[in-house]
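As C-alpha cells, the structure follows; a few thoughts come after it.
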Amino acid sequence: DTEVTQTPKHLVMGMTNKKSLKCEQHMGHRAMYWYKQKAKKPPELMFVYSYEKLSINESVPSRFSPECPNSSLLNLHLHALQPEDSALYLCASSQERAGSEKLFFGSGTQLSVL
Amino acid sequence: KQEVTQIPAALSVPEGENLVLNCSFTDSAIYNLQWFRQDPGKGLTSLLLIQSSQREQTSGRLNASLDKSSGRSTLYIAASQPGDSATYLCAVRSSNDYKLSFGAGTTVTVRA
C-alpha cells in the first residue's frame with residue numbers, strides 16, 4: 001500500500017462551522033505533513049509531525065489545529081475559518097530514514113469557506 | 001533562504017517531442033531534490049528523488065540531472081505523450097530537516 005488517503009475530497013463550510021480533515025497512511029512512515037495550496041501556487045508547509053510529535057508549526061493561525069492520534073493518522077481541525085482559507089489542503093508522509101525521504105501526497109481536500 | 005525558480009512557467013509541445021524542464025536554486029548546500037507531477041485539483045506525485053551526492057536519476061522515460069555547484073536540475077521526459085500533460089514542480093530540501101522549498105512549477109501541455 002503506497003497511498004495516502006484524505007477525506008473528505010471536497011468540503012464547503014461557513015465561517016462559524018467546526019470541521020475536521022482526515023489523513024491516513026499505512027506505509028509505516030513516521031513523518032506526516034499538512035500543506036496548503038492556493039490555485040496556481042506551490043504548496044506551503046503548515047505542520048510537520050515526526051514520531052507523532054509536532055516538530056514544525058509554520059506560524060499558522062490558531063483556527064487550524066493539527067492532531068496526530070497515532071503513527072498512521074493525521075487530522076486537521078478547522079474552526080472559525082475565513083474565506084481566504086479556501087484552498088487545497090494536502091497531507092503527505094515520508095519515511096524519515098537517510099536515502100528514503102521521498103514524499104508521498106494524498107489527493108487533497110478542496111476546501112471552500114463561505 | 002532557499003529560492004527555487006522554474007522556467008518556463010508553461011510549455012506546449014506536439015506529441016512525441018522530448019520535454020526539458022528546468023529548475024534552479026540559490027543555495028547549493030542541499031540535502032536532496034525531488035521532482036513532482038500534479039494534475040489539476042489533485043495531490044502531488046513524486047517522480048524522482050536525487051540525493052545531493054548523486055548526479056542523476058532515471059525512471060522509465062524520465063531522467064533528472066543535478067548540478068549542485070551551478071544550482072540547477074533538469075527533468076527530461078522522452079517521447080512525450082498527451083498523458084504527460086500536467087504541472088511539474090521541483091522541490092529542494094536544504095538540510096536534514098523537513099521543509100521543502102518548492103518552485104512555482106512548469107505547466108506542460110502535450111498536443112495529440
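The values are calculated or read from the model by the stated rules, or taken from the named source; none is laboratory data. This structure is a prediction, so every number in the text was calculated from the model and none was measured. Glycine also receives a Cβ, built like all others from the backbone with ideal geometry; neighbour counts cover every protein chain displayed.
Odds and ends about this structure:
- Only one entry in B:112, B:79 is surrounded by fewer than 17 Cβ atoms within 10 Å (Cβ to Cβ), more than 14 Å from chain A (Cβ to nearest Cβ), within 12 Å of residue B:13 (Cα to Cα) and in contact with a helix residue (DSSP H, G or I) (Cβ under 6 Å, 6 or more places away or on another chain), namely B:112.
- Against the list (1) at pLDDT below 95; (2) among the basic types (Lys, Arg); (3) farther than 23 Å from residue A:36 by Cβ, the condition residue B:1 fails is (3).
- Filter result for residue B:84 (touching a residue at least 12 places away in the same chain (Cβ under 8 Å), away from chain A (no Cβ under 14 Å), closer than 30 Å to residue A:8 by Cα and acidic (Asp, Glu)): yes
- Residues in the range B:10-19 that are surrounded by 13 or more Cβ atoms within 10 Å (Cβ to Cβ) and within 16 Å of the chain's Cα centre (by Cα): 2 in all.
- Filter result for residue A:6 (buried (at least 16 other Cβ atoms within 10 Å of the Cβ) and at negative phi): yes
- Selected residue (criterion: surrounded by the fewest Cβ atoms within 10 Å (Cβ to Cβ)) from residues of the range B:87-109 that are more than 11 Å from every other protein chain (Cβ to nearest Cβ) and of a type in the set (A, V, I, L, M): B:108
- Residue in the range A:70-86 that is of a type outside the set (A, V, I, L, M), at positive phi and in contact with an Asp or Glu (Cβ under 9 Å, 6 or more places away or on another chain) present: no
- Matching residues, the range A:9-30, being surrounded by fewer than 13 Cβ atoms within 10 Å (Cβ to Cβ) and hydroxyl-bearing (Ser, Thr, Tyr): A:16
- Residues satisfying the stated conditions in the range B:27-66, i.e. in contact (Cβ under 8 Å) with a residue 40 or more places away in the chain, polar (S, T, N, Q) and either surrounded by fewer than 13 Cβ atoms within 10 Å (Cβ to Cβ) or within 14 Å of chain A (Cβ to nearest Cβ) (or both): B:32, B:34, B:38
- Of the strands (runs of 3 or more DSSP E) lying entirely inside chain A, those containing at least 3 residues that are touching a residue at least 60 places away in the same chain (Cβ under 8 Å) and within 14 Å of chain B (Cβ to nearest Cβ) span A:4-7, A:18-25, A:31-37, A:87-94, A:109-113.
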